[in-house]
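Notes to accompany the following structure.
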Amino acid sequence: MNSSITDPQLQNWENFCRHHAIGDWHGTWSIYDLEGKLIRHFQCVRSFQVSADGNEVNHQNHYTYPDGTTKTETFGPHKKPIIKSLHFNDSFSWGSTEVKPETMFFFETGFKHGSQRRSAVARYNTDASLDIVIISEQLKSFAQESSSLPTNQLINWKGIVTEITPDWIISSAAETSWVQLEELAKDYLTLHLNDNVSISIPKQIDSNKELFLATEWLVNPTLLLRGIRYFDTFGFRNFTLEVFNRQL
């Protein structure tokens, strides 16, 4: 094996295979405008097949659009331990690592809970437009849309936070205080969308400013997951997973 490969990188690959490359994720991809209004949606099955020796993952996306047309995209195959995304426990995040002028910038951050998975995608285009996509997935079959939970009752949360760096180093878990998503940065675009997924992101990307990209999934009334990608003026700095619990 290549001597430049590290144990944390191998662990990242193992987390990817254990939590996400576990079959066919049947999803609804919902596109929203900047007011949080649903523009359109379509279905996609993200299929991951791990080789018998665990050293390779084949990945295909099978899209089905409302007019009946279909499309398949093939990615990889991914070869151990090379994977663009960071994986910690049931969370994952990947995307642009630098902010460059006149270049598209994007990210996806998501979480798995049981047989369900939720993720948010934001893409800052070169024409200054911003695309927002929420992906709601389930193993083996398509799921019905989740009922909305009361976001105005988000109190009494106790949380822990863990950090993972671009070179896959995972910190020890530490206690963290609850802060409402809107309060993280009051000038950011904060939207509470379907399937209890929320985001807080800059309205525009500036390479001369530090920034963060926050995604949140209210799994149930007692569990909330929050993933945040942090950037400084040099580029992507780290990803944090915050897990909040409370007793009703």
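Is it the case that some residue within segment 196-206 is over 15 Å from the mean Cα position of the chain (by Cα) and small (G, A, S)? Checking segment 196-206: not a single residue is over 15 Å from the mean Cα position of the chain (by Cα) and small (G, A, S).
Only a single item in (1) of a type in the set (S, T, N, Q); (2) open to solvent by less than 30 Å² (accessible area, probe 1.4 Å); (3) touching a helix residue (DSSP H, G or I) at 6+ places or on another chain (Cβ under 7 Å) is not met by S148, and it is number (2). If you go through segment 94-121 and keep only what is small (G, A, S) and under 10 Å from the mean Cα position of the chain (by Cα), you end up with G95, G110, S119, A120. Within the span defined as segment 73-83, one or more residues are without any contact (Cβ under 8 Å) to a residue 40 or more places away in the chain, polar (S, T, N, Q), more than 20 Å from I199 (Cα to Cα) and open to solvent by 70 Å² or more (accessible area, probe 1.4 Å).
Checking the structure you have, find out if any residue of segment 47-68 is surrounded by fewer than 16 Cβ atoms within 10 Å (Cβ to Cβ), under 30 Å from Q204 (Cα atoms) and aliphatic (A, V, I, L, M). There is no residue in segment 47-68 that is surrounded by fewer than 16 Cβ atoms within 10 Å (Cβ to Cβ), under 30 Å from Q204 (Cα atoms) and aliphatic (A, V, I, L, M).
Determine whether I31 is within 28 Å of I201 (Cα to Cα), modelled with pLDDT of 95 or more and surrounded by 12 or more Cβ atoms within 10 Å (Cβ to Cβ). For I31, the condition - within 28 Å of I201 (Cα to Cα), modelled with pLDDT of 95 or more and surrounded by 12 or more Cβ atoms within 10 Å (Cβ to Cβ) - is met. Scanning segment 212-245 for residues that are more than 16 Å from the chain's Cα centre (by Cα) and among the acidic types (D, E) yields a single hit, D232. With the structure loaded, tell me whether T109 is within 13 Å of F239 (Cβ to Cβ) and surrounded by fewer than 20 Cβ atoms within 10 Å (Cβ to Cβ) or whether it fails that test. No, not satisfied.
The values are calculated or read from the model by the stated rules, or taken from the named source; none is laboratory data. Just so you know, these numbers come straight off a predicted model, no measurement behind them. Virtual Cβ from ideal backbone geometry, glycine too; neighbours counted across all protein chains shown. Protein only, heavy atoms only, side chains kept; ligands, DNA and RNA dropped before computing areas. Shrake-Rupley method; radii C 1.70, N 1.55, O 1.52, S 1.80 Å.
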